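Below: one structure, written as structure tokens.
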Amino acid sequence: MAAEGTTKKMIATQEEMVENRVPIAYRDQCAHLLIPLNKCRQAEMYLPWKCGNERHVYEKCEYELVMERMLLMQKIREKEAQIQQGLAIPLIPKTAGA
């Protein structure tokens with residue numbers, strides 16, 4: 001089941017997240033990546049140079065979620081601007097050739 005406003009599906013179940021003690025604030029569509037990251041962190045005693053691959057994959061997932069929400073919000077603002085016949089302030093600037 002995907003959350004409203006996103007195309008990513010929830011992979012980790014509530015039971016898995018509770019069992020692995022994922023904080024409620026982090027129970028999003030990337031929680032399935034946070035579980036192995038936290039296990040790696042505990043195994044490596046939270047050394048900052050360890051678990052780099054797991055951290056990168058998790059942070060990329062979070063970044064993609066944020067960008068998806070920003071694009072959705074921009075579309076909503078553009079629709080509202082069309083309705084009001086005003087100008088909307090774009091969240092993401094349009095690049096040449098894109």
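Results, tabulated for the structure shown:
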| quantity | calculated |
| --- | --- |
| Chymotrypsin sites (Phe, Trp or Tyr not before Pro) within segment 7-91, DSSP loop, no more than 13 other Cβ atoms inside 10 Å | TYR46, TRP49 |
| 3J(HN,Hα) from dihedral phi, segment 38-47, Karplus parametrisation 6.51/-1.76/1.60, rounded to Hz, x for glycine, proline | 5, 5, 5, 4, 5, 5, 9, 6, 6, 5 |
| Per residue Cα convex hull volume in Å³ - calculated over segment 1-59 | 85 Å³ |
| Residues THR13 and TYR63, FRET efficiency given R0 of 30 Å [Cβ-Cβ distance, rounded to 0.05] | 0.80 |
| Rounded to the nearest 10 Å², the accessible area of ARG77 at probe 1.4 Å | 90 Å² |
| Segment 1-65, relative contact order in percent, only Cα pairs under 8 angstrom and at least six apart counted | 26 percent |
| Loop GluC sites (Glu not before Pro), segment 9-46, which have at most 14 other Cβ atoms in a 10 Å radius of their Cβ (DSSP) | GLU44 |
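The values are calculated or read from the model by the stated rules, or taken from the named source; none is laboratory data. Fair warning: this is a prediction, and the values are worked out from it, not measured in the lab. A quick note on method: Cβ atoms are made from the backbone with ideal geometry, for glycine too, and the neighbour counts reach across all protein chains shown. The protein model used for the area step is the full one, side chains on, heavy atoms only, and it has no ligands, DNA or RNA in it. Shrake-Rupley method; radii C 1.70, N 1.55, O 1.52, S 1.80 Å.
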